[in-house]
Amino acid sequence: MAHNRSDVCEFKVNAVSEVMALLQIDMETDVAEGRPGREDAACSRNVLRKQRNWERQLAAKKSKRKEEKQRRKLNRQQRLGADSDNPQFTKRVMKAITKERLAEAQSTGLRLCVDLSMTDSMSDKEISRLAGQLRRLYGSNKKATRPFGLFLTELREDSRLYAECLRMNDGFLNYTMDITEESCLDLFPVETIVYLTPDADEALETVDADKVYVLGGLVDESIQKKLSFSRARELSVRTARLPIDEYMVKKNNAKNFHSKILAVNQVFDILLTFCNTGSWTEALQEWFPRGKGYIVAPDVSPPLLASATQT
């Protein structure tokens, strides 16, 4: 009887050993054949879940970018006008049109020079401000329906201003304008030149296609008095000023400050607007800085305009 119990125990032990052996063989087979175990399966599920989450996020971002692109396109169309007669151009086409318009203006448009012969009398800060004003002047000309043909005269390549223009203005050497070390007298007949200076006696009445208008390359901080006027006298050319006295009056302010000295780009914007509108009132109203202490006269009568024309 005892012998039988021993045999049963031995049989159970052998059976358990065989089952364990079979399990071991099965696990080894799974690994050998690349079938994932429980841990691997759990890992794979995590990877798949992360993959799906990432795909959903990517799709959402793509959809958002598409919506943003459509919104920007709609805004551009609204700014340009909803009129179907107005064609919508791509940026590349608009850039080509602008370049062609500027190139044509260089040969057939109204002509304007910026005389940069006086930069030696300016501080480094003034030089930097002038470089910025030239950038804004060119930017206004690019946007103009009827741009000027622009000339930067007496700009030496070894000058501080030239170096500052290169540093501050991206693509400066690609500007559609003539940059030269020659003076305006080297480029145009003396009788065609009108030098615009705030110290001139004559008020500018019109902008004529057969004239060349010259702006002195100076800035507001310059302490030199009548420097641009003296330069014009040196060149023996005609001088004129913007008709500020004829169209504007002083406005009381706390500092009792009044100035007719404008930045180069501000004078240019006034000329551009006058050429487009034919109205000095509109041009001065839009571009003459409020902080200069002047406002457009509320009622400029025809007799006053007539007397201004005769002066």
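The values are calculated or read from the model by the stated rules, or taken from the named source; none is laboratory data. No experiment lies behind these values; they were computed from the predicted model shown. Heads up, the Cβs are rebuilt from the backbone with ideal geometry, glycines too, and the neighbour counts pull from every protein chain shown. Side chains are part of the model used for accessible areas, which takes the heavy atoms of the whole protein and leaves out ligands, DNA and RNA. Shrake-Rupley method; radii C 1.70, N 1.55, O 1.52, S 1.80 Å.
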>> Computing the accessible area with a 1.4 Å probe over protein heavy atoms, can you report the carbon and sulfur percentage for segment 157-266?
In response: 45 percent
>> For segment 120-169, which GluC sites (Glu not before Pro) pass both filters: DSSP loop (anything but H, G, I, E, B) and at most 12 other C-beta atoms within 10 Å?
In response: GLU157
>> Give me a comma-separated list of calculated 3J(HN,Hα) values for segment 227-236, in order, Karplus coefficients 6.51, -1.76, 1.60 applied at θ = phi - 60°, integers in Hz, x for any Gly or Pro.
In response: 5, 5, 5, 5, 5, 5, 5, 4, 7, 6
> Which trypsin sites (Lys or Arg not before Pro) does segment 246-298 hold that lie in a coil by DSSP with at most 15 other beta carbons within 10 Å?
Replying inline: LYS251, LYS255, LYS260
>> Residue by residue through segment 106-116, what is 3J(HN,Hα) from phi via Karplus (6.51 cos²θ - 1.76 cosθ + 1.60, θ = phi - 60°)? Round to whole Hz and write x for glycine and proline.
In response: 4, 9, 10, x, 4, 10, 9, 10, 10, 7, 10
> Whose amide H sits under 5 Å from the amide H of GLY109, counting only residues 5 or more places off or on another chain, with H placed in the peptide plane?
Replying inline: GLY149
> For THR239, which sequence-distant residues (separation of 5 or more, or a different chain) have an amide H within less than 5 Å of its own amide H, given hydrogens modelled in the peptide plane?
Replying inline: TYR195
>> Greater than 22 Å separation of Cα atoms is the criterion. Which listed pairs, LYS99/LYS143; LYS125/LYS225; LYS142/LYS250; LYS66/LYS99; LYS226/LYS292; LYS125/LYS226, meet it?
In response: LYS142/LYS250; LYS66/LYS99
